[in-house]
1. Within region 150-191, can you find the residues that are at positive phi and either open to solvent by 40 Å² or more (accessible area, probe 1.4 Å) or among the polar types (S, T, N, Q) (or both)?
2. Looking only at region 80-88, decide whether some residue is outside any loop (DSSP other than H, G, I, E, B), over 22 Å from Gly225 (Cβ atoms) and either open to solvent by 30 Å² or more (accessible area, probe 1.4 Å) or within 16 Å of the ligand (Cβ to nearest atom) (or both).
3. Identify, please: which residue in region 195-212 is loosely packed, with under 15 Cβ neighbours inside 10 Å and within 16 Å of the ligand (Cβ to nearest atom) and is, among those, nearest to Thr117 (Cα to Cα)?
4. Does region 223-237 include one or more residues that are farther than 30 Å from Ala108 by Cα, free of Cβ contacts under 8 Å to residues at least 60 places away in the same chain and in contact with a helix residue (DSSP H, G or I) (Cβ under 7 Å, 6 or more places away or on another chain)?
5. Of the numbered conditions (1) in contact with a Pro (Cβ under 7 Å, 6 or more places away or on another chain); (2) at pLDDT 95 or above, Gln199 fails exactly one; give the number of that condition.
6. So is Leu147 open to solvent by 30 Å² or more (accessible area, probe 1.4 Å), in a strand (DSSP E or B) and farther than 23 Å from Arg68 by Cα or not?
7. Restricting to region 117-154, name every residue that is touching a residue at least 40 places away in the same chain (Cβ under 8 Å) and of a type in the set (Gly, Ala, Ser).
Amino acid sequence: AFDREYLLITGEIDPEFHQAAAEGRPYESSRYKPRYWTLNGRSAPDTMLPDNAAHLPHQPYGAMIMARPGEKVLLRYVGAGTAHHPLHPHGNHTRVLALDGRLLRNGAFDRSYERFTVLVGAGQTYDQIYQWFGLGYSPENPIPTGLPNLRNLGIGDAGWTMWSGSPYLGLKGDIPQGVVSFNEEGEYYFMLHSHQEFQITNWGEFPGGLMTMIAVHPHLSPDRGVLKESERGTGYGNSV
Ligand SMILES: [Cu+2]
């Protein structure tokens, strides 16, 4: 069983293809060269925005992953484009449970396996469990290292950060002067992205493209990443 599930559908866009189609011009498909890469139809940083964001009427689905420590998160990759994408989350490996919609189980024998990066080919699917436990550090059991002075940290060079200012989950600390932190309650953020680094750009601009974040929150609505019964298909459902 799992606690939450998130569907991540990959795609690629060659703007030249779209422009040629819009103008009724021929297009040389051997010159196909994507400049944008998408998860659920959005390129980063839009991937991290909520579903049905008002200013993205044609890209209604977000790709932000949210969970609490220890929860089993079902990540479902679907390679819906024409290219391969080596995807991985940070923070932990995943356990691959199913390929192309088939459970990795042989009778009573569990054939699931752990991976850091999986290569999602065109038309392939990977169903995996991701869990984040942390290492048990807290102010009562502090990280066994001296924390650098704030002035020596490269935090918030862009004027903002998602960092809480504290190394401990659920706590907030000092942020460098002049930097705005959008951290809500001391949650952690781990990147999930394509390891073909050009795919995490928007036409060459980093960061972008095939990238999103996993947010580990101390508190989270029980509805987040949970399908209603009416939204669920007839697949193997919550039996994995
Ligand atoms: Cu990485």
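1. Gly178
2. Scanning region 80-88, I find at least one residue that is outside any loop (DSSP other than H, G, I, E, B), over 22 Å from Gly225 (Cβ atoms) and either open to solvent by 30 Å² or more (accessible area, probe 1.4 Å) or within 16 Å of the ligand (Cβ to nearest atom) (or both), so the answer is yes.
3. Among residues in region 195-212 that are loosely packed, with under 15 Cβ neighbours inside 10 Å and within 16 Å of the ligand (Cβ to nearest atom), the one nearest to Thr117 (Cα to Cα) is His195.
4. No, region 223-237 contains no residue that is farther than 30 Å from Ala108 by Cα, free of Cβ contacts under 8 Å to residues at least 60 places away in the same chain and in contact with a helix residue (DSSP H, G or I) (Cβ under 7 Å, 6 or more places away or on another chain).
5. Among (1) in contact with a Pro (Cβ under 7 Å, 6 or more places away or on another chain); (2) at pLDDT 95 or above, Gln199 violates only (1).
6. no
7. Matches in region 117-154: Gly121, Ala122, Gly123, Gly134.
Residue by residue, here is whether (1) within 16 Å of the ligand (Cβ to nearest atom); (2) open to solvent by less than 30 Å² (accessible area, probe 1.4 Å); (3) modelled with pLDDT of 95 or more holds:
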| residue | (1), (2), (3) |
| --- | --- |
| Leu49 | no, no, yes |
| Ala54 | no, no, yes |
| His90 | yes, no, yes |
| Gly121 | no, yes, yes |
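The values are calculated or read from the model by the stated rules, or taken from the named source; none is laboratory data. All values derive from a computational prediction rather than experimental measurement. Cβ atoms come from the backbone with ideal geometry, glycine included; neighbour counts cover every protein chain shown. Heads up: the accessible areas ignore ligands, DNA and RNA and are worked out on the full protein's heavy atoms, side chains in. Shrake-Rupley method; radii C 1.70, N 1.55, O 1.52, S 1.80 Å.
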